[in-house]
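To keep things clear, I will list the structure first and then write my remarks on it.
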Amino acid sequence: MVKKSDNQQEQQVTEQATLHEKFSIAEAAAITGVASNHIQQWIDLGWVKPSIQQAFGEETRDIFNRVDIYNIAYLKKIKDSGFSRKLAHEKINIYAVNETVKNFPNIKSLGIAFSRVLTEGQYETQGAWLIAPELDQESGWNSLALIGERLNQGADDFYILNFFKLKERIDAIIAAMKG
């Protein structure tokens with residue numbers, strides 16, 4: 001019999017819990033620190049999609065799951081770091097990142113990296129990718145080598161978001177709210 005690792009067991013318990021969780025737009029705002037009207041704008045722009053229920057008229061409301069909350073927190077973090085939310089949404093899909101984490105339970109850390117160049121006084125995102133040594137070993141890809149490549153292409157700066165830390169913070173806030 002194959003014994004599951006503590007990380008796999010913890011992940012499975014979290015996945016089961018998230019299947020039954022529902023968050024309103026007000027709760028999403030309280031958890032992430034993003035104003036409700038900004039979340040609504042992001043929904044209208046297609047950057048955020050309430051996975052459980054989308055509002056249709058006055059009698060319904062948007063209902064989010066935990067991964068939706070991660071996505072909102074991710075977009076806020078990107079905005080706070082000076083990167084474009086639109087480009088961040090287009091280049092990195094948090095739903096796919098979350099699936100990658102589920103599909104590769106041996107991942108211990110996961111960075112979401114962005115590089116950008118300054119062109120005519122405006123920053124332009126040059127690239128975005130995932131950094132995880134375990135993924136590199138599985139795929140043969142060298143995500144850290146992209147930093148050198150981007151430097152050679154003239155990147156002005158880099159931003160690396162620790163996805164697991166983002167998840168931890170959101171999970172802790174949700175746990176505290178549940179009391």
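Data for the structure
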read-out	value
3J(HN,Hα) from dihedral phi, the stretch 81-86, Karplus parametrisation 6.51/-1.76/1.60, rounded to Hz, x for glycine, proline	8, x, 9, 6, 4, 4
Estimated [θ] at 222 nm from DSSP helical runs (n ≥ 4, -39500 (n - 2.57)) normalised by residues in the chain, nearest 500	-16000 deg cm²/dmol
Lysines whose Cα lies under 30 Å from that of Lys77, excluding same-chain neighbours fewer than 8 positions away	Lys22, Lys49, Lys86, Lys91, Lys102, Lys108, Lys165, Lys167, Lys178
Cβ-defined net charge surrounding Asp157, 11 Å radius [Lys, Arg +1; Asp, Glu -1]	+1
Per-bin percent of Cα-Cα distances, the chain [10 Å]	9, 34, 34, 19, 5, 0, 0
Viscosity 1.002 mPa s, temperature 20 °C, Stokes-Einstein D of the stretch 76-126 from Kirkwood C-alpha radius, µm²/s	171
Solvent exposure of the chain as accessible area per residue, Å², 1.4 Å probe	58
Backbone HN-Hα couplings from phi across the stretch 25-41 [Karplus 6.51/-1.76/1.60, Hz, Gly and Pro as x]	5, 5, 5, 4, 5, 5, 5, 9, x, 9, 4, 3, 5, 6, 4, 4, 4
Difference of contour (0.36 nm per residue) and Cα-Cα distance, Gln53 to Lys165	37.6 nm
Carbon/sulfur fraction of accessible area - the chain, other protein chains in place, 1.4 Å, %	50
Using distinct alpha-carbon pairs, which all enter the 1/r mean, Kirkwood radius of the stretch 26-130 in Å	15.0
Long-range HN-HN contacts of Arg116 with modeled amide H, under 5 Å	Gln126, Asp156, Asp157
Reduced Cα scattering model of the stretch 129-179, Debye log10 I(q)/I(0), q = 0.19 Å⁻¹	-0.75
Kirkwood hydrodynamic radius over Cα pairs of the stretch 97-160, then Stokes diffusion coefficient at 37 °C and 0.692 mPa s, in µm²/s	259
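The values are calculated or read from the model by the stated rules, or taken from the named source; none is laboratory data. Bear in mind the structure is a predicted one, so any value in this text is a computation, not a measurement. Every residue, glycine among them, receives a Cβ derived from its backbone with ideal geometry; neighbour counts consider all protein chains shown. In case anyone asks, the SASA skips ligands and DNA or RNA and just uses the protein heavy atoms, side chains included. Shrake-Rupley method; radii C 1.70, N 1.55, O 1.52, S 1.80 Å.
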